[in-house]
Amino acid sequence: MTEPTSTPSSARTRPSKSKRGEVGVKPSAPDSVETWLDMLVSMLALPKPERERVRDELEDHLRSRIDDLLITGLTEPEALHKAASELGETADLARQLTRAHGPKRKRTYAMHAALFALAGSIAAVGIMTISPTTGTRQSPNAAIVVSDKPAAEQHAAAGNHAENPTAQIDFQDLPFPEAFRVVAESFGKSPGLSATMLRRYREHETKSSMTGTFTLDEAMNRLLSYDPYGNQSKAYYVDNDVVVITDPMVVIRRSIRTATYEMDWIESYEHGDIMVATRMAIENSPASQFSQVSIAAGSMLITARPEAHVLAERILLDLRNNYESRRRAELATEAKAAEAIEVEYASLLERKFELNYQLDVLGHQSLGSHGRRNDLPEDEREAFDTDMRELNSKVDRLRYELKEVVERLAHIRAHLIKTEYAPILNRLPTRSTTE
Amino acid sequence: MPSLPISLKPDHSELVVLAILGQAPSYGYSISKAIAARSDGDFKLAPSNLYPLLTRLEKQGLVTTSWEEVKANTADPDAGGRKRKWYRLSAKGKKRLAQHVESMRRMQDILDSFVQSSGALA
């Protein structure tokens, strides 16, 4: 048998062309084998990476068996049929594999609490770090710049001044509409102001001045601070070459994006908890407006502002890291416990064999003792009786120990059977309370 | 006189698989072939038992695993290959195998004493 070459088990690559390969027969009909494998994999209640590994291993088994059967003269369909039937009932095989690969599924309130606590702590940090979208602060991040970029890029671009061009602006005592026009045109854009807003602004005599080098964001923030209606009620966005001043809620609505987050790293029955934890975190953050979180086809759909998406990404990453490290700890504990039980079981079996053997030997010794006693002289009979009493006492002790060992073995067997069948028992429907 | 059918109990399955891996690294299908071959077909370890057993051995650290790409030599250079999972006995697995062997030897000695006595009675 040749030594295997090491290949990372997580690598899932399609085999490329090979100049030399294993000497063998023509490969089996891929479609039929793939169909069988697809059916089996669909029955595996395991995370996707685990399903892929099971699939790969069974594909190798199936194809190897088919290749051997083809040598015996079977046709490809016959070989596939025989090889698949040797694997047994597909559902039973899937059940056995799921049980072997899957973790112990204990759904506890402690885990729910941990999930919510984790999401809450992340949201608390998020509240402190997410910048307010409106306000009186003259901050570069105060205004919202909307573009067609994905949420993460939008959030990054908002604070990246190196990508924001600057312009030299210089005007004094201009009415708002004219000042807005100058600012927009300084950046090669047109001012976007509705007729209603234009009329309202012209009714006010507030004038504004601006001198210096500014980014569009800085200039608009400064301009809006002169807004007679207060910049808490106004924000801006850029739509191609038009800078539009509008209600902040309009700007927020325009920034809403929908993204899909994969959940195949955790069991499907946990998806609800993950969704609730994410939704709570977003709803408790400043970026909660117009947000929606739902589960569809094993993925989480989030419709929300870019800041909420950034928060959701962070939450999911932390939840995933937390889950994976918890799983590793659970597996290690389970493995240790299982090993301890197996070691004890093996040791008890050995002790049982040993006790039976000793009892057998002692049994032979006591056979015919009455006859032997009668053959002894009177003065030796007392010593003989003493020896026999000691022998019987030893037999009693051994029998007692054997009884305890047998009981302990039965207890361990019952525990193992219960553990083995617990997942099946847990899935059985319970009696209705109306019955 | 035909003998009674032999069933491979879970303890025996583990011993047999560890013993095969103790000789050389192997993979699932090859292990099942080796079991059938060495027992002249008397022992059969079904895949529905073999692969869960291999998974359990891996989880317990009794075996280590690695993946290899297997390609068939065919007329079609673009034909896809597949991955093969190899199993190798770990140090812990060797220790477990030794325990199994010792346990089986002790049981064999005890059983032999009964078999010999039955031979004397026949």
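The calculated FRET efficiency for A:LYS394 paired with B:GLN108, based on their beta-carbon distance and R0 = 41 Å, is about 0.95.
Take A:53-66, A:332-345 and order them by the average number of nearby Cβ atoms within 10 Å per residue, most first; the result is A:53-66, A:332-345. Peptide packing: for A:41-50, A:67-76, B:15-24, the average count of neighbouring Cβ atoms within 10 Å per residue gives the ranking B:15-24, A:41-50, A:67-76, highest mean first. Modelled this way, with points 7 Å down the Cα-to-C-beta line, the labels at A:GLU420 and A:THR72 are 3.0 nm from one another.
Inter-chain neighbour count for B:25-35: the average number of beta-carbon atoms from partner chains within 10 Å of each residue's beta-carbon is 4.
Peptide packing: for B:94-106, A:276-288, the average count of neighbouring Cβ atoms within 10 Å per residue gives the ranking A:276-288, B:94-106, highest mean first.
Placing dummy labels 7 Å off each Cα toward the beta-carbon, the span from B:ASP42 to B:VAL101 is 2.0 nm. Between A and B, buried accessible area from a 1.4 angstrom probe totals roughly 4400 Å², ignoring ligands, DNA and RNA. Dividing the convex hull volume of the alpha carbon atoms of segment A:186-338 by its residue count gives 153 Å³ per residue. Shielding by partners for peptide B:92-101, expressed as the average number of C-beta atoms from other protein chains within 10 Å of each residue's C-beta, is 1. With the simple spin-label model, which puts each label point 7 Å out from Cα in the Cβ direction, the A:GLU382 to A:ARG328 separation comes to 7.4 nm.
Using r as the Cβ-Cβ distance of A:ALA337 and A:GLU404, and R0 as 25 Å, what FRET efficiency do you calculate, to the nearest 0.05? Efficiency for this residue pair is about 0.70. Normalised by 2.2 N^0.38 Å, with N the number of residues, the alpha-carbon radius of gyration of segment A:230-304 equals 1.42. Shielding by partners for peptide A:329-342, expressed as the average number of C-beta atoms from other protein chains within 10 Å of each residue's C-beta, is 2.
The values are calculated or read from the model by the stated rules, or taken from the named source; none is laboratory data. These figures come from a predicted structure and were not determined experimentally. Virtual Cβ from ideal backbone geometry, glycine too; neighbours counted across all protein chains shown. The accessibility values were calculated without ligands, DNA or RNA, using every heavy atom of the protein model including side chains. Shrake-Rupley method; radii C 1.70, N 1.55, O 1.52, S 1.80 Å.
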